[in-house]
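So the structure is just underneath, and the comments pick up after that.
The values are calculated or read from the model by the stated rules, or taken from the named source; none is laboratory data. Here the structure is a predicted model, which means the values were calculated and not measured. We place every Cβ from the backbone using ideal geometry, glycine too, and count neighbours over all the protein chains shown. With ligands, DNA and RNA removed, areas are computed over all heavy atoms of the protein, side chains included. Shrake-Rupley method; radii C 1.70, N 1.55, O 1.52, S 1.80 Å.
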Amino acid sequence: MYSLSAPKISIITAALNAAHTLPSTLDSVLAQDYAHIEHIIIDGKSSNNTLDLIESYRHKYHTKGYELHVFSQKDRGIYDAMNKRLQLASGEIVGFLNADDFFAQNNVASLIAWGFAKPSNAIQIVYADVIYVDKNLKPIRDFRAKPYTKDAFRFGFHPPHPSFYVKKDVYQTYGGFNLKYKIASDYEIMLRFLEKHQLQSLYIQEYFVKMRIGSVSNANFKNIIRANLECFASFKDNNLARFPIFIALKPLSKLKSVRYKQIAKKLLGGAHKITFVASYKDALPSLEYTPFWHTAPKFSNLSNTSYSRTIAQTTFEARKQCA
């Protein structure tokens with residue numbers, strides 16, 4: 001159980017030859033307004049100056065009072081690396097921040113701690129929204145979640161994993177990433193925690209992370225198909241074998257996204273115009289709340305499963321779901 005003191009949050013980052021993108025990841029961690037952070041970085045034996053770059057930040061972490069732990073070793077893939085570092089995480093709360101990604105706001109860690117402190121339920125999982133950005137960090141599209149409801153995964157729902165923070169004892173009880181899955185192990189673990197074990201979760205309607213486009217599961221259309229097949233297999237492996245409707249729809253829906261606009265044009269022979277409309281205000285307003293370790297917040301006006309407020313609105317035709 002959590003004490004009234006602020007819990008430590010362990011952030012795990014896997015990196016391989018990520019010297020070009022990692023500075024924004026590290027800077028976004030250092031910009032957090034929360035005092036109790038442990039950052040674990042897993043380097044997969046990079047051949048460039050990634051490790052030197054990380055070491056150049058060590059004094060900044062020390063000055064900020066954050067713990068920085070760096071490991072460099074070969075592994076059997078990203079999920080194997082994540083499992084190894086899960087065991088070493090000393091925080092009560094654990095999440096993952098990829099080396100291509102960075103926090104969208106400087107109060108993300110505070111929001112996470114605040115979410116787990118919500119007294120009306122024993123919250124075990126907190127998640128939020130993410131934004132996809134291009135190489136110039138311009139917003140491309142968003143991935144908005146919603147409060148979890150039973151069977152939601154079957155219809156295509158899942159939280160964005162970069163926003164997914166979990167109590168460490170959940171991993172100790174229900175296990176880590178399943179190495180059977182090469183692309184969608186993050187999907188499987190969210191399915192296992194939320195759909196199979198029905199763990200108590202809290203959705204916070206805020207942007208937690210900005211993600212550079214080009215994840216492994218979205219690298220090409222072949223990977224999209226593979227990821228969806230792995231998602232389907234995860235239902236069977238978790239004894240949730242009812243046919244998930246998203247399997248029939250998600251590969252087609254991907255054709256509406258920015259990354260696959262050209263694929264769709266080729267399939268349609270260029271005869272159809274595919275539009276993409278987005279409106280986004282880059283400067284998100286600051287959250288108005290009082291950290292629970294200063295003064296306990298009032299939760300009387302909040303639902304048991306979600307926290308929301310008015311934020312900069314984004315409208316997109318394409319929405320990210322499974323894979």
Inset, instruction - Go through the residues of segment 53-60 one by one and say whether even a single one is more than 22 Å from residue 185 (Cβ to Cβ), within 18 Å of the chain's Cα centre (by Cα) and of a type outside the set (A, V, I, L, M, F, W, C). - result: no
Legend entry - Residue, nearest to the chain's Cα centre (by Cα), within segment 117-145, restricted to residues that are in a loop (DSSP other than H, G, I, E, B) and basic (Lys, Arg): 144
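Got a sec? Which of 102, 143, 96 is modelled with pLDDT under 95, touching an Asp or Glu at 6+ places or on another chain (Cβ under 9 Å) and either of a type in the set (A, V, I, L, M, F, W, C) or crowded, with 22+ Cβ neighbours inside 10 Å (or both)?
143
Would you pick out the residues in segment 28-75 that are part of a helix (DSSP H, G or I), among the small types (Gly, Ala, Ser) and closer than 19 Å to residue 107 by Cβ?
28
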Legend entry - Looking only at segment 146-172, and only at residues there that are aliphatic (A, V, I, L, M) and assigned to a helix (DSSP H, G or I), the one that is surrounded by the fewest Cβ atoms within 10 Å (Cβ to Cβ): 152
Inset, instruction - Identify all residues within segment 178-212 that are open to solvent by 10 Å² or more (accessible area, probe 1.4 Å), in a loop (DSSP other than H, G, I, E, B) and over 18 Å from residue 145 (Cα atoms); write none if there are none. - result: 178, 179, 180, 182, 183, 197
Legend entry - Lone qualifier among 76, 85 - being touching a strand residue (DSSP E or B) at 6+ places or on another chain (Cβ under 7 Å) and either open to solvent by 20 Å² or more (accessible area, probe 1.4 Å) or in contact (Cβ under 8 Å) with a residue 12 or more places away in the chain (or both): 85
